[in-house]
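K.L.:
Dropping the structure in here first, questions after.
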Amino acid sequence: MSTVVVTGAASGIGRGIALGAAKRGKHVALLDIDERALAGTASAVLAAGAASSLPLMCDVSDERAVEAAFGEIADRLPAIGGVVANAGIEVSEPLASARVDSWDRVMAVNLRGTFLTSRAAVDYWRERKSEGSLVCVSSPSAFVGFAGGANTAYGASKGGISAFVRAAALDAAPYGVRVNAVVPGATDTDILYFGLAGEALLARRAELEESAKVQIPLGRMARPEEIADAVLWLLSGESAYVTGSHLVCDGGLLAKSANSF
Ligand SMILES: NC(=O)c1ccc[n+]([C@@H]2O[C@H](COP(=O)([O-])OP(=O)(O)OC[C@H]3O[C@@H](n4cnc5c(N)ncnc54)[C@H](O)[C@@H]3O)[C@@H](O)[C@H]2O)c1
């Protein structure tokens, strides 16, 4: 059984992907910066049926950390078949007052992190002359501006990831490596509630659930495991002829115009 590597695996969509890989009996390497949550997910992954689970503290924006993590996975786990560059952060600031350090941090984690993870993965497969599937996590904000605004850094980072995926697919194809993106719509994870806790978090969730009923054609937010199913299909042999593509998994959000004329 092969190994699946997931970045940002401690919570949310990454945790969902790790659990999905575990249910398919894979060896799962989990990379994240949140040590406590990572340990919890690693145990849950084993309980869900993973052949093994390897939690690694790794900041995806740090070149040496990413290289070291892939080195350790290569030493300790069977051949890597799939890699998911999922780790991401969002900072919501209106453009006129947006801070340079926020811009740099979002670009470092989302865009450089995706580049470093992807480079390590493609190099691994090229060196071993083995096939692999890489999935990067984009967003509807790669394609449209969010109506709520204050999303320039995040949107630019995700637009960069979408362009990166197309270019990377061409570089990786000669090695038999596929590179695709998943585009999750609003998914009920911590990223939507950053900085909120207790009552404030519950109030925000209720607000988002009400908005989803009106704004999302399927009338609700996604669950992490629904995004995970799309990612696991892209990792599997069932998508063997798919590369350079985007799999939109957004309940119809991008298909819909707010205008009725
Ligand atoms: N939730 C949504 O609505 C939504 C929609 C579209 C795209 N996405 C994307 O999905 C991905 C996963 O987000 P999520 O919704 O599960 O959020 P989340 O906050 O639940 O999970 C993100 C994970 O990434 C980890 N992380 C953050 N910085 C890191 C770093 N430097 N190195 C390694 N790990 C790091 C966090 O610790 C966390 O475990 C992100 O790329 C996000 O942009 C989310």
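K.L.:
Could you count how many residues in the stretch 235-261 are in contact (Cβ under 8 Å) with a residue 12 or more places away in the chain, more than 19 Å from Ile13 (Cα to Cα) and of a type outside the set (Gly, Ala, Ser)?
P.N.:
4
K.L.:
Quick test of your reading of the structure: Ile191 fulfils all but one of (1) surrounded by fewer than 21 Cβ atoms within 10 Å (Cβ to Cβ); (2) modelled with pLDDT of 95 or more; (3) within 19 Å of Gly14 (Cβ to Cβ). Name the failing condition by number.
P.N.:
Ile191 satisfies all of (1) surrounded by fewer than 21 Cβ atoms within 10 Å (Cβ to Cβ); (2) modelled with pLDDT of 95 or more; (3) within 19 Å of Gly14 (Cβ to Cβ) except (2).
K.L.:
Take the stretch 132-156 and flag every residue that is in contact (Cβ under 8 Å) with a residue 60 or more places away in the chain, in a helix (DSSP H, G or I) and over 23 Å from Ala212 (Cβ atoms).
P.N.:
Correct list: Ala153 only.
K.L.:
Still on this model: Take the stretch 13-35 and flag every residue that is surrounded by fewer than 24 Cβ atoms within 10 Å (Cβ to Cβ), assigned to a helix (DSSP H, G or I) and within 10 Å of the ligand (Cβ to nearest atom).
P.N.:
Glu35
K.L.:
Of all residues being of a type in the set (S, T, N, Q) and assigned to a loop (DSSP other than H, G, I, E, B) in the stretch 1-12, which is nearest to Ser52 (Cα to Cα)? Just the residue, please. Before you say what the answer is, go through the steps one by one.
P.N.:
Taking the stretch 1-12 first, the residues of a type in the set (S, T, N, Q) are 2-3, 7, 11.
Narrowing the set further to residues that are assigned to a loop (DSSP other than H, G, I, E, B) leaves 2, 11.
Values: Ser2: 10, Ser11: 18 Å.
Within the stretch 1-12, the match that is nearest to Ser52 (Cα to Cα) is Ser2.
K.L.:
So, one more: Within the stretch 210-221, identify whether any single residue is under 23 Å from Thr117 (Cβ atoms) and at pLDDT 95 or above, and answer yes or no. If you could, list the steps in order and put the result at the bottom.
P.N.:
First pass over the stretch 210-221, keeping only residues under 23 Å from Thr117 (Cβ atoms): none.
No - not one qualifying residue is present in the stretch 210-221.
K.L.:
Tell me which residues, restricted to the stretch 78-123, are outside any helix (DSSP H, G or I) and over 24 Å from Asn180 (Cα atoms). If you could, list the steps in order and put the result at the bottom.
P.N.:
If we filter the stretch 78-123 for residues that are outside any helix (DSSP H, G or I), which is where we start, we get 78-94, 98-99.
Within the stretch 78-123, Val91, Ser92, Glu93, Pro94, Ala98, Arg99 qualify.
K.L.:
From the list Ala65, Ala69, which residue is part of a helix (DSSP H, G or I) and closer than 22 Å to Val165 by Cβ?
P.N.:
Numbers: Ala65 fails: closer than 22 Å to Val165 by Cβ.
From the options Ala65, Ala69, the qualifying one is Ala69.
K.L.:
Identify the single condition in (1) touching an Asp or Glu at 6+ places or on another chain (Cβ under 8 Å); (2) more than 9 Å from the ligand (Cβ to nearest atom) that Ala87 does not satisfy, given that it satisfies every other one.
P.N.:
Evaluating Ala87 over (1) touching an Asp or Glu at 6+ places or on another chain (Cβ under 8 Å); (2) more than 9 Å from the ligand (Cβ to nearest atom) leaves (2) as the failure.
K.L.:
Let me confirm something: among Leu192, Leu208, Leu196, Leu232, which residue is more than 11 Å from the ligand (Cβ to nearest atom), touching a helix residue (DSSP H, G or I) at 6+ places or on another chain (Cβ under 9 Å) and farther than 23 Å from Val5 by Cβ?
P.N.:
Values: Leu192 fails: more than 11 Å from the ligand (Cβ to nearest atom); Leu208 fails: more than 11 Å from the ligand (Cβ to nearest atom); Leu232 fails: farther than 23 Å from Val5 by Cβ.
None of the other options fit; the residue is Leu196.
The values are calculated or read from the model by the stated rules, or taken from the named source; none is laboratory data. Owing to the predicted nature of the structure, the values given are computational and were not obtained by experimental measurement. Using ideal geometry, Cβ is built from the backbone for each residue, glycine included, and neighbour counts are taken over all protein chains shown.
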